[in-house]
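Below is one structure, written out as structure tokens, with a few remarks after it.
Derivation of every value follows stated rules applied to the coordinates shown; laboratory data play no part. As the structure is a prediction and not an experimental result, all values here were calculated from the model. Cβ sites come from the backbone with ideal geometry, for glycine too, and all protein chains shown count toward neighbours.
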Amino acid sequence: MHSSQFLNHLQYEKRCSKHTITAYTSDLNAFSFFLKETYEEEEPQNANFLQIRSWIVSLLENDFDGKSVNRKISCLKSFFSFLFKNNFIQENPMGKVISPKTTKKLPVFIEKANIESLLNTLEFEHDFKGSRACLILEMFYCTGIRLNELINIKISDIDFSRGNVKVLGKRNKERIIPLLSHLITLSEDFLSNWHLSPEESNFLFTNAKGGKISPRLVYNIVNAYLST
């Protein structure tokens with residue numbers, strides 16, 4: 001309930017952009033998922049400092065780059081500040097949280113881009129290439145997924161009913177990434193309208209011939225839209 005109030009506050013009072021709302025919704029969903037899975041805690045506003053620190057450590061252990069982690073920390077700082085100012089909680093657990101230093105783990109073409117501004121202004125063609133590019137950019141922005149994880153997503157890795165995707169990261173660590181409803185919708189639209197049948201290719205992202213998309217092609221796709 002408080003999460004919805006916070007997001008409404010950002011949208012209607014703070015006048016935050018659509019993609020800021022999307023990113024913060026994704027971050028809160030990921031945090032809530034972690035609390036339920038790890039501590040059986042249903043309400044994120046009940047989280048304490050140790051639980052928050054545990055989540056941050058798990059993100060770093062799963063090779064999230066510092067920039068992505070800092071955005072998630074900023075989300076929680078805003079969330080708990082909102083709760084504290086409105087007397088929903090008696091103490092702000094984010095007071096002791098220190099943001100990690102940023103690193104350069106993400107590809108340069110993603111790290112240097114103002115993705116939020118980009119997604120607010122871009123128009124995508126309603127065809128295979130346009131729908132694929134839109135889904136790739138939204139995946140990068142909303143989930144913090146790494147390039148190698150993205151190109152290896154199989155259709156069977158996506159749980160459409162639960163709204164998450166299973167990826168295999170560095171050192172073969174499996175992790176579950178929550179997906180926002182609009183990402184599920186984009187994925188379903190892409191699969192139903194433009195993707196080859198599962199018998200021909202089980203990978204979510206393919207080239208025009210149905211083979212698994214290459215890192216270079218993803219680079220070219222993103223770079224082409226950044227240059228517009």
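The fewest-to-most ranking of VAL69, VAL57 by surrounding Cβ atoms within 10 Å reads VAL57, VAL69.
Selection among ILE158, MET94, PHE203 by position relative to the dipole of the chain gives MET94 as farthest towards the positive end (Cβ unit charges, Cα centre). Please name whichever of PHE33, GLY144, SER187 sits farthest to the positive end of the charge dipole of the chain, dipole taken about the Cα centre and charges placed at Cβ: Lys and Arg +1, Asp and Glu -1. Highest projection toward the positive end goes to GLY144.
Among the trypsin sites (Lys or Arg not before Pro) found in the stretch 133-228, those both in a DSSP coil and sparsely packed, with 10 or fewer other Cβ atoms within 10 Å of their Cβ, are LYS209. Using the empirical formula 2.2 N^0.38 Å as the baseline, the Cα radius of gyration of the chain reaches a ratio of 1.04. Spin-label model, ASN172 to TYR219: label points 7 Å out along the Cα-to-beta-carbon direction sit 2.7 nm apart. Pull out a ≥ b ≥ c, the square roots of the eigenvalues of the alpha-carbon gyration tensor of the stretch 2-96, then state rounded if a/c is under 1.5, prolate if not and a/b is larger than b/c, and oblate in the remaining case. Since a/c reaches 1.5 but b/c is at least a/b, the shape of the stretch 2-96 is classed as oblate. Please go through the residue pairs LYS36/LYS72; LYS72/LYS96; LYS72/LYS212; LYS14/LYS85; LYS14/LYS77 and name each one whose alpha carbons sit more than 19 Å apart in this structure. Table pairs above 19 Å Cα-Cα are LYS72/LYS212.
Overall, the chain carries a charge dipole of about 940 debye about its Cα centre when +1 sits on the Cβ of Lys and Arg and -1 on the Cβ of Asp and Glu, all other atoms neutral.
Dipole size of the stretch 1-102 about its Cα centre, with +1 on Lys/Arg Cβ and -1 on Asp/Glu Cβ: approximately 580 debye, rounded to the nearest 20. By the count of other C-beta atoms within 10 Å, a proxy for reagent exposure, HIS126, HIS19 are ordered fewest to most as HIS126, HIS19.
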